[in-house]
Each structure stands twice: as C-alpha cells, then as structure tokens.
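First the structure, in the form of structure tokens, and then the observations on it.
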Ligand code: FES
Ligand code: FE
C-alpha cells in the first residue's frame, strides 16, 4: 500500500488517485501516522471555564478528557483508567471534584496540581498491602497548547510547537477567534455524515469553486453575482497543509456590527482590519481536520449577519465522519448580532444548514463511487490541476501571509494538503 501511495499520489502533477478516498488501509495509516502525531483541535477554553470543568473529546479514534487545573492550565488526558483501561469520564462534559472509574473505583484528581494524578483505590490498604506506585498510575497525558483560546493536543512527544505548526494560519484564525473575546454558543453540535473525513477537510481548505454549482441557490439570493464570481476573493495556500479562501466585496463597507469596531481594532493589525472591513466570507482548514469559517453574510430579519464557526471532521471509519460544529459569538456583541447570528448558523452551516445538505450529498456520492469495485485496484486519477501556473500575489496586493492567488480558481492548497498528507503517511517507511 505504501508503494502504491508513493507511485500514485502525485499532487505535484495535479493527480490524486480515487482509491485514497475510501481505502480501509489508507484509513488505518491515517489514524496511526496522522492522527497519532498531529496537533489536533479539542475545544475552546470557554468550554472549560472553571477548575474541575472538563469536556470529553476525540483525538483520532481515542476518547480524551480536556480538563482545567487552575485558571491558566488546560490539560488533556487519554480517557482511560490505568487499572484495566475502562473509560473514565463517560459524560460529554461536567464539573467534578475527581474522576472515579466506574469499574473498580480507582480515583484521579481533576483539579489544580492533582489534575490527572492517581488519588486512591477502594480498600487500598487491604487490596494492595505492598502499596501502589502512584506515579506509574498517572493518567496518560497528551502535549497540549492553546492559541487564541483554541485548545490543541498531540500525542507526538517531540516535533513542532503549536505556534510553529499553525504558522501563517494564525493570521487568518485571528480574524475568526482573535478579533474579539469570543465564546462558544451552547455545546458543539454533532452529527454523522457518510463520507471519509478528508473530503470535507479538503473542501474547506481549497474548494470555493463548488460554491457556484453545488450551492447554486446563492445565485438566486444574488449572493454570488455571475461574472463577479471567482474574481471576488483570494485563494491562500498557507503552507504546512493548511489552506483557505477569503471572499471580499468590492465596496469597502464592513458588515460587522459597528459596536464591535473598537474591540476589533484593539486585537487586529492594520492588514487584518482592512481584510475584515471588506470580508464576505472566509473558509479554511488547518491540517488535518480542523475547519474554520465565517460564512457568507445572509439577510435575517432585514439585517445582514454572519458569524464564526469551527468544525472538526472526526474520523469514524473509512466511510464515516462525525462532524463536530462549534458556533462562536463575540461576548460583547449587541443582542441582535447574537440572536440573528444563531439563526444564521442554523440556516447555513449546521446539521440542518442549507450548505451542509448540498455538500453532504456530494461527499456521499464521491464516497460511493470511490468504493466501487472497479476502482479498488486500478488507478483512477482525479484532476487536481486547477491554477498550476497561476502567479502568486505580492504583499502590496493582499496583506495576509502564505501563497496568495487572485480569485477562486486555484487548487494550490489542495495540492499542498495532499503533499503533506502523503509525506506523513509515508514517514518512517522509506
Ligand atoms: Fe478502572 Fe478497574 S478499570 S478501576
Ligand atoms: Fe460547500
């Protein structure tokens, strides 16, 4: 399989073989070599507001506990008891004084310096008269770092810091979660989609092209104006496998609430502010499966409104993905922006969102085609060649970092995504 990947995955030539979409062997490799080693998004600090608050999340296929020790420390542990490996926290979220294993009752600290520490076992003196090595029973801990309130964790003991890993993506993430003090609205929504996790990730990283066709209702709403489409934005190959698209309108008139202008100005630099002031939408993906989004402004109750959304495409098998979707809003936003923003979220990108209905249909059908016996052993090359010869823009043309392309007609970010993806899969096998 590694050999086949090496020979057939050729993003440099704009070629990706279709079997990689659904091959179970590829999926196994992804879980081990990508999800076992990458920085993965697990939540936002506002979801664990107090000492003892926790949420349970998934890294690859493994359940983890994201807990807060004291005000400054968030830590991430494998959700597994050190006695027989039972799942320790069985709730999605909560606030506890300690975690007590439901099987035999081993107990672990959930606060302060004791976070993750083995605290005791039932009948300990009788059951273990020789004593227990408490250090050896500490919960297995992942490396964890926070950027702008976004909590990331990785099982890689060495390797880049979160800062290095995010690189130029930080500039764009700031526009979504760094522009003001943000908070998660409710709890993240979850639903299953019948596709592998990579199709949606790749779509958000690199594919603005599908919007005009797959979401053609936008044209009826006059949100996409025929001739203007494709010119009204930028494609950004951020590097490191991260990619994004920025939609802008030609008139420089911000649709964001004026009440927040001052807070934005405090948090963003001049280039970011300028971009926000003409922003129509922003979609992107941090490698491997963390999507961020400011959707198209839509009219709700006579006002134009958008929001801030984050997503994780959680692998749940070669052909199944659990979507995790967070909706954010500025804490200091006026009530109308909060209220209508929630409506906008429900109508656009959520389990019942208009965009998700369209997208899921396409991903599901791609998955079925890829799974057809005909293509399993034979290469069916897919075309990833859009914009291969397109020049990048200079700093004077767009202020953001990365390789920036004028318009939406490029798949540069998808090619880089697949280059990083392939190299990770083959790491250690050469
Ligand atoms: Fe947790 Fe036995 S498995 S106490
Ligand atoms: Fe879409």
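When restricted to residues that are touching a residue at least 24 places away in the same chain (Cβ under 8 Å), more than 17 Å from residue 61 (Cα to Cα) and surrounded by fewer than 16 Cβ atoms within 10 Å (Cβ to Cβ), region 184-213 contains 3. Only one of (1) more than 16 Å from ligand 2 (Cβ to nearest atom); (2) touching a helix residue (DSSP H, G or I) at 6+ places or on another chain (Cβ under 7 Å); (3) at pLDDT below 95 is not met by residue 286, so which one is it? With respect to (1) more than 16 Å from ligand 2 (Cβ to nearest atom); (2) touching a helix residue (DSSP H, G or I) at 6+ places or on another chain (Cβ under 7 Å); (3) at pLDDT below 95, residue 286 is out only on (3).
Among the residues of region 339-355, those identified as in contact (Cβ under 8 Å) with a residue 24 or more places away in the chain and either more than 16 Å from ligand 2 (Cβ to nearest atom) or surrounded by fewer than 19 Cβ atoms within 10 Å (Cβ to Cβ) (or both) are 340, 341, 342, 343, 347, 351, 354. Considering region 248-330, the qualifying strands (runs of 3 or more DSSP E), each wholly inside and each with 2 or more residues that are under 23 Å from the mean Cα position of the chain (by Cα), run over 279-286, 290-294, 308-315, 321-330. I want to confirm something. Restricting to region 118-133 and keeping residues that are touching a strand residue (DSSP E or B) at 6+ places or on another chain (Cβ under 8 Å) and in a loop (DSSP other than H, G, I, E, B), which single residue is farthest from residue 64 (Cα to Cα)? The extreme case among them is 132. Looking across region 84-112, the residues that are within 7 Å of ligand 1 (Cβ to nearest atom) and either free of Cβ contacts under 8 Å to residues at least 12 places away in the same chain or surrounded by fewer than 16 Cβ atoms within 10 Å (Cβ to Cβ) (or both) come down to 84, 85, 86, 103, 104, 105. Go through region 34-82 and report how many residues are assigned to a strand (DSSP E or B), within 25 Å of residue 136 (Cβ to Cβ) and free of Cβ contacts under 8 Å to residues at least 60 places away in the same chain. Adding up the residues that qualify gives 6.
Residue-by-condition table, conditions (1) out of contact with any strand residue (DSSP E or B) (no Cβ under 6 Å at 6 or more places or on another chain); (2) free of Cβ contacts under 8 Å to residues at least 60 places away in the same chain:
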position	(1), (2)
241	yes, no
249	no, yes
283	no, no
290	no, no
301	yes, yes
305	yes, yes
311	no, no
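For region 99-117, the set of residues classified as modelled with pLDDT of 95 or more and either over 15 Å from residue 137 (Cβ atoms) or assigned to a helix (DSSP H, G or I) (or both) consists of 102 only.
Scanning region 174-213 for residues that are under 14 Å from residue 282 (Cα atoms), part of a loop (DSSP other than H, G, I, E, B) and away from ligand 2 (no atom under 15 Å from the Cβ) yields one hit, 179. Scanning region 150-164 for residues that are buried (at least 18 other Cβ atoms within 10 Å of the Cβ) and farther than 19 Å from residue 31 by Cα yields 150, 151, 162. Just a yes or no: is a residue in region 380-394 assigned to a loop (DSSP other than H, G, I, E, B), loosely packed, with under 13 Cβ neighbours inside 10 Å, touching a strand residue (DSSP E or B) at 6+ places or on another chain (Cβ under 9 Å) and in the same structural domain as residue 208 (by TED's automatic domain parsing)? Taking every residue of region 380-394 in turn, at least one turns out to be assigned to a loop (DSSP other than H, G, I, E, B), loosely packed, with under 13 Cβ neighbours inside 10 Å, touching a strand residue (DSSP E or B) at 6+ places or on another chain (Cβ under 9 Å) and in the same structural domain as residue 208 (by TED's automatic domain parsing).
Out of (1) assigned by TED's automatic domain parsing to the domain that holds residue 235; (2) surrounded by 16 or more Cβ atoms within 10 Å (Cβ to Cβ), what's the single condition that is false for residue 181? Result: residue 181 passes all but (2).
Once region 291-336 is narrowed to residues that are out of contact with any helix residue (DSSP H, G or I) (no Cβ under 9 Å at 6 or more places or on another chain) and under 21 Å from residue 242 (Cα atoms), the residue that is surrounded by the fewest Cβ atoms within 10 Å (Cβ to Cβ) is 322. Looking at 136, 121, 127 in this structure, which one is more than 18 Å from residue 308 (Cα to Cα), modelled with pLDDT of 95 or more, touching a helix residue (DSSP H, G or I) at 6+ places or on another chain (Cβ under 7 Å) and within 16 Å of ligand 1 (Cβ to nearest atom)? On inspection, the qualifying residue turns out to be 121. Among the residues here, residue 115 does not qualify as more than 26 Å from residue 47 (Cα to Cα) and more than 9 Å from ligand 1 (Cβ to nearest atom).
The values are calculated or read from the model by the stated rules, or taken from the named source; none is laboratory data. Being a predicted model, the structure only gives us computed values, none of them experimental. With ideal geometry, Cβ positions are generated from the backbone for all residues, glycine too; neighbour counts draw on all protein chains shown.
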